[in-house]
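The values are calculated or read from the model by the stated rules, or taken from the named source; none is laboratory data. Model, not experiment: these values are computed from the prediction. A quick note on method: Cβ atoms are made from the backbone with ideal geometry, for glycine too, and the neighbour counts reach across all protein chains shown.
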């Protein structure tokens, strides 16, 4: 029986030389040619292993994916070709024309050069800027900087005073019989929540943007408002947690002028840098806090990333990945050692790192036995052993720069659930380092099984790539997904880089902290017309379609 609701339409083995197969998932036909390439995702099989059909499922989402390639015509037997035709007819014309889930077009289509891909992104971003600029002007509600609001906030706070106790026996028995004393009714105190105004502004803004019906305006943060917030977050590419934190608040308060400025700046950056991006490369977008792997001019995968915090910015580099280290050690870099770990050694007697070895003058020492106040930082080295506690996770992607900047996994994935992920010391943490490793190590003829086996040993191994993979760190305030949807990414650093060949930008384009005297902004474009309300089920379905780390 196939797993995960995949219904086989064809796929019986048709001959020794080949087979044809198709599957239906969520109402969409997916046709698979007689040879299926290895895909770099967690897989599960719907047919016996010897049929060579494998359906793949991403670690970050439930949707299955197929990767397709063609073998030479002579590989197929007559029965195999017959099965191919039968499978095509069974799958229907929609399957024959449907794109594979690993790209925007069929896998057999020729790959576009990366400059053409980036130029296409730039054109779409510029088009979106024009759409926003030409949108009808309307009044807008500014929420302003303030507290996070979530379900249960706002409205009226009720408090019930405790009941007055009435003695059951008279205190003085000599008085005789007294009439029964009825307890007074409970006293209810109602106080308007201090967050009611803020919740009301959120509701008003969502009504203006078309995410909440006008008759559902409220100052109480309940299910309808939470669903509207989630819908807005999904449209903006944010984490759909239903809470109005600072990132969601900035998106709600963003004016059309700010959005247009960021979009046009991003388009100019893309145009200026497109020639420097090879057709196969890893693209690290700092404002987007994301990493995309482009192979032969096509975006193959993208995932969330954690980048450098404002005090330890990730530099804009042009570099390359030369090798991948499995089960890496972590040597604490000088900045982290001096600013974070040495203070820990002096105050607590340990560096605050699990499974680490502390070296003094090149020799391992017991940290508690050393007076670290008398030790200069240059004499100290701290190395964390491989394992689940290692700060780099299980994979390190080695670059050639001298700044100690590289890509790696993590032992703490909690940050990936946040919208603002500028939190590292400069390196780039990948949400799914295993997925990236499987993708790159395939060129080194290292199978997924071999990677798993090496992980299980716990021993460090560095695998050199036959061809170094270029890496480009960019600062683009917008991105385009495979559906053509444009996302705006606010600045994460002050004084962002200038567009090459232009005059310096004196004022960074970002959402400023509002003041009481600032006039109300113009709105961003209205959301598409929706039903009278957004149900929880609808929001959940939308959220499933936008996984944080997906094959594209």
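Some observations on this one:
- Among residues of the stretch 194-205 being free of Cβ contacts under 8 Å to residues at least 40 places away in the same chain and in a helix (DSSP H, G or I), the one that is surrounded by the fewest Cβ atoms within 10 Å (Cβ to Cβ) is 197.
- Scanning the stretch 431-455 for residues that are more than 30 Å from residue 420 (Cβ to Cβ) and assigned to a helix (DSSP H, G or I) returns 441, 442, 443, 444, 448, 449, 450, 451, 452, 453, 454, 455.
- Count - residues of the stretch 136-145 that are at negative phi and surrounded by 13 or more Cβ atoms within 10 Å (Cβ to Cβ): 5
- Qualifying residues in the stretch 385-415 (those that are modelled with pLDDT under 95 and not in a loop (DSSP other than H, G, I, E, B)) - the one surrounded by the most Cβ atoms within 10 Å (Cβ to Cβ): 415
- Some residue of the stretch 310-319 being without any contact (Cβ under 8 Å) to a residue 60 or more places away in the chain and out of contact with any helix residue (DSSP H, G or I) (no Cβ under 7 Å at 6 or more places or on another chain): yes
- Residue list for the stretch 273-297, filter: crowded, with 19+ Cβ neighbours inside 10 Å, in a loop (DSSP other than H, G, I, E, B) and in contact with a strand residue (DSSP E or B) (Cβ under 8 Å, 6 or more places away or on another chain): 277, 286, 288, 289
- The stretch 146-160: number of residues that are assigned to a strand (DSSP E or B), more than 25 Å from the chain's Cα centre (by Cα) and on the phi < 0 side of the Ramachandran plot: 5
- Of all residues in the stretch 333-347, one or more are in a loop (DSSP other than H, G, I, E, B), in contact (Cβ under 8 Å) with a residue 12 or more places away in the chain and within 31 Å of the chain's Cα centre (by Cα).
- Matching entry among 129, 163, 138, 180 (being within 30 Å of residue 271 (Cα to Cα) and either modelled with pLDDT of 75 or more or not in a helix (DSSP H, G or I) (or both)): 129
- Which numbered condition residue 333 fails, given (1) touching a helix residue (DSSP H, G or I) at 6+ places or on another chain (Cβ under 9 Å); (2) within 30 Å of residue 498 (Cβ to Cβ): (1)
- Within the stretch 416-430, the residues that satisfy the criterion of being closer than 21 Å to residue 341 by Cα and part of a loop (DSSP other than H, G, I, E, B) are 425, 426, 427.
- Residue within the stretch 445-466 that is without any contact (Cβ under 8 Å) to a residue 60 or more places away in the chain, touching a strand residue (DSSP E or B) at 6+ places or on another chain (Cβ under 8 Å) and farther than 30 Å from residue 498 by Cα present: yes
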